[in-house]
1. Would you confirm whether or not segment 13-36 contains a residue that is closer than 14 Å to ILE65 by Cα and either modelled with pLDDT of 95 or more or out of contact with any Leu (no Cβ under 6 Å at 6 or more places or on another chain) (or both)?
2. Where residues in segment 18-53 are free of Cβ contacts under 8 Å to residues at least 24 places away in the same chain and either part of a helix (DSSP H, G or I) or aromatic (Phe, Trp, Tyr) (or both), which of them is surrounded by the most Cβ atoms within 10 Å (Cβ to Cβ)?
3. Tell me which residues, restricted to segment 1-12, are within 14 Å of ALA68 (Cβ to Cβ), surrounded by fewer than 16 Cβ atoms within 10 Å (Cβ to Cβ), modelled with pLDDT of 95 or more and not charged (D, E, K, R).
4. Looking at MET5, MET13 in this structure, which one is among the aliphatic types (A, V, I, L, M), in contact (Cβ under 8 Å) with a residue 12 or more places away in the chain and touching a strand residue (DSSP E or B) at 6+ places or on another chain (Cβ under 8 Å)?
5. Would you check if ILE65 is modelled with pLDDT of 95 or more, under 14 Å from ILE10 (Cα atoms), among the hydrophobic types (A, V, I, L, M, F, W, C) and surrounded by fewer than 16 Cβ atoms within 10 Å (Cβ to Cβ)?
Amino acid sequence: MSFRMTTVKIAGMSCNHCVMGVKRALSAIPGIENLEVKVGEARFDGNVDLEAVKAAIEDEGYQVISVA
């Protein structure tokens, strides 16, 4: 089963420490597959609750700018 790639633009990330925090938080969400995180952006496949994704990122201290 294939899902479309979701891209989340994130404000406030500036370094690898930020990347690792967001990656750890998103990895804990059931359904996320093929997760890629870089400064300012996270991309993943899967049938995922986007509100859970937003909450996980905000809990790490960053702001979600857009989800596409």
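The values are calculated or read from the model by the stated rules, or taken from the named source; none is laboratory data. These numbers were taken from a predicted model, which means no experiment stands behind them. All Cβ positions, even for glycine, are placed from backbone atoms using ideal geometry, and neighbour counts span all protein chains on display.
1. Start the filter on segment 13-36 by keeping residues that are closer than 14 Å to ILE65 by Cα, which leaves 13.
Next, only the ones that are either modelled with pLDDT of 95 or more or out of contact with any Leu (no Cβ under 6 Å at 6 or more places or on another chain) (or both) stay: 13.
Yes, segment 13-36 contains a residue that is closer than 14 Å to ILE65 by Cα and either modelled with pLDDT of 95 or more or out of contact with any Leu (no Cβ under 6 Å at 6 or more places or on another chain) (or both).
2. Result: VAL19.
3. THR7
4. Numbers: MET13 fails: touching a strand residue (DSSP E or B) at 6+ places or on another chain (Cβ under 8 Å).
Exactly one residue qualifies, and that residue is MET5.
5. Working: modelled with pLDDT of 95 or more: yes; under 14 Å from ILE10 (Cα atoms): yes; among the hydrophobic types (A, V, I, L, M, F, W, C): yes; surrounded by fewer than 16 Cβ atoms within 10 Å (Cβ to Cβ): yes.
Here the answer is yes, as ILE65 does meet what is asked.
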